[in-house]
Ligand SMILES: [Zn+2]
């Protein structure tokens, strides 16, 4: 999976970007939150300091096994001075804001020789999230454009939670148990509300339990499966086939709390009335993005998700990186000129020189022939593969993926408009295909014959 990070031009400041080969000038690293698509390339062998919120620092140390001495915790709402060079001559002032996205998620305000840059990371806007009077005139706004399309309108998180609670009530009347599809991190407020309303704890799968224990939420979880009727499973386990299997054991309903299907022209699980999709989102809707930009009034905007990113099922979502839709809200000012301080230049040049020196060695390494494991030939259609650090969670709402076509050129025009329905198959069915973690299957595409099987394979 390609990451959703950036390096601020003409600085050594990197946010959610860990590819030091592609960006050798990066030397001061910030992490907005602990979702998989923001930590691509980060592992226990990392060797530079990382600045993040206190909760994210805990995840870095306990889950990713980053050396504690490298993890620098920054309190939200306070100004922090961080050196940009080796001599501590040039500093950047960093302020963290709650991003209202998942536990530990923050937005960054950077002020330095390059001006004032606001970086949202992933965020869900709500009134009061940022006090515009506390902000300086923003030169560049890096914006979470995951749902930056007029088609992407969905309820507030509070309304979505009410919808889920109401649906859950109906499900528990009609069935003996309910499976809720959630990924490893995020939407804990939903689980807390459920536990409060239903007066019994929830059972969660091990990877989510590990993070909830770190967050101090162990008291709403039960390991005793006979003691609850609500079970949290990974989103990719919610499928028609699995529901059938669960129903053979006892009457079961399923709820998928995600907005990832918003803005797409098809209805997921249309043939499975016992699977309920409710658009609970940890990203801002199109309307909320406009409200936020109006408030911040930056001089210019950079979309965090690039125009080459693809949506689920390889959907073209390039329109979501068109920041021209905010033109009328921008501050009218010409770009300020600045000079990169010599001490900072020295740090960036030294880093680039170190990278240059290592290139011949890397080239030799890449030239070595690769052994590919045997794999079952793909089904007729296209398989899209997303590489992802299996130790971490993907962003449950992020639908942008790096894709790779595997077969069948004749459906290259395949688009979301053709999809009539889809379901996610049982993972165990795919066990001979390189241990996939997240598999989506489209079973019906108009104009392409019936029952063709297409795979969207997330791993
Ligand atoms: Zn995220």
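Place the peptides 23-35, 326-338, 259-271, 218-230 in order of packing, highest mean first, counting for every residue the other Cβ atoms within 10 Å and averaging per peptide.
By packing density, highest mean first, the sequence is 23-35, 259-271, 218-230, 326-338.
What number, in percent, do you get for the relative contact order of the range 1-154 if the mean sequence gap of Cα pairs under 8 Å and at least 6 apart is divided by its residue count?
Once divided by the residue count of the range 1-154, the mean separation gives 15 percent.
If the label point is 7 Å along Cα→Cβ of residue 342, which residues in the range 78-101 have backbone nitrogen under 18 Å from it?
84-91
Pairwise over distinct Cα atoms, reciprocal of the mean inverse distance: report the Kirkwood radius of the range 1-156 in Å, one decimal place.
Taking the inverse mean of 1/r over all distinct Cα pairs, the range 1-156 comes out at 16.1 Å.
Largest first and in whole Å, what are the equivalent-ellipsoid semi-axes of the range 202-257 based on the Cα gyration tensor, each being the root of 5 times an eigenvalue?
Each semi-axis is √(5λ); the values are 23, 13, 8 Å.
So if we plug the beta-carbon distance of residue 173 and residue 98 into 1/(1 + (r/R0)^6) with R0 = 30 Å, what FRET efficiency do we get, rounded to 0.05?
Between residue 173 and residue 98 the formula returns 0.25.
For the range 1-82, compute Rg over Rh where Rg is the Cα radius of gyration and Rh is the Kirkwood radius from the inverse mean 1/r over Cα pairs.
0.93
With label points built 7 Å along Cα→Cβ from the Cα atoms of residue 332 and residue 215, find their separation and express it in nm.
With each label placed 7 Å out from Cα toward Cβ, I get 4.5 nm.
If you split all Cα-Cα distances of the range 102-254 into 10 Å bins from zero, what percentages do you get per bin, shortest first?
All Cα pairs, binned at 10 Å, distribute as 9, 30, 30, 18, 9, 3, 0 percent.
Could I have the simple spin-label model distance between residue 113 and residue 80, label points 7 Å from Cα toward Cβ, reported in nm to one decimal?
2.2
When a footprinting reagent is the concern and you count Cβ atoms within 10 Å, what order do 323, 215 take, fewest first?
215, 323
Working only with C-alpha atoms, what are the Rg and Dmax values of the range 226-366, expressed in angstrom?
When restricted to the Cα atoms of the range 226-366, Rg and Dmax are 24.3, 70 Å.
Give me the percent relative contact order of the range 123-250, please, defined on Cα pairs under 8 angstrom at least 6 residues apart.
27
Work out the FRET efficiency for residue 287 and residue 249 from their Cβ-Cβ distance, taking R0 = 45 Å, and round it to the nearest 0.05.
Efficiency, from the Cβ-Cβ distance: 0.60.
So for the pair residue 69, residue 241, with labels modelled 7 Å out along Cα→Cβ, what separation do we get in nm?
Label at residue 69, label at residue 241, 5.0 nm between them.
Multiply the residue gap between residue 319 and residue 153 by 0.36 nm, knock off their C-alpha separation, and tell me the result in nm, one decimal place.
58.2 nm is the gain from fully extending residue 319 to residue 153.
Over the range 47-92, calculate the relative contact order: mean separation of alpha carbon pairs under 8 Å at least 6 apart, over the residue count, as a percent.
33
Between the alpha-carbon centers of the range 210-236 and the range 298-324, tell me the distance in whole angstrom.
35
What is the calculated FRET efficiency for residue 10 to residue 61, with r their C-beta to C-beta distance and R₀ = 35 Å, to the nearest 0.05?
Result of the calculation: an efficiency of 0.65.
Tell me, 342, 291 in order of fewest to most beta-carbon neighbours within 10 Å?
342, 291
Read-outs: derived from the displayed coordinates by stated rules, not from any lab. These figures come from a predicted structure and were not determined experimentally. FYI the Cβ positions are ideal-geometry reconstructions off the backbone, even for glycines, and counts take in every protein chain you see.
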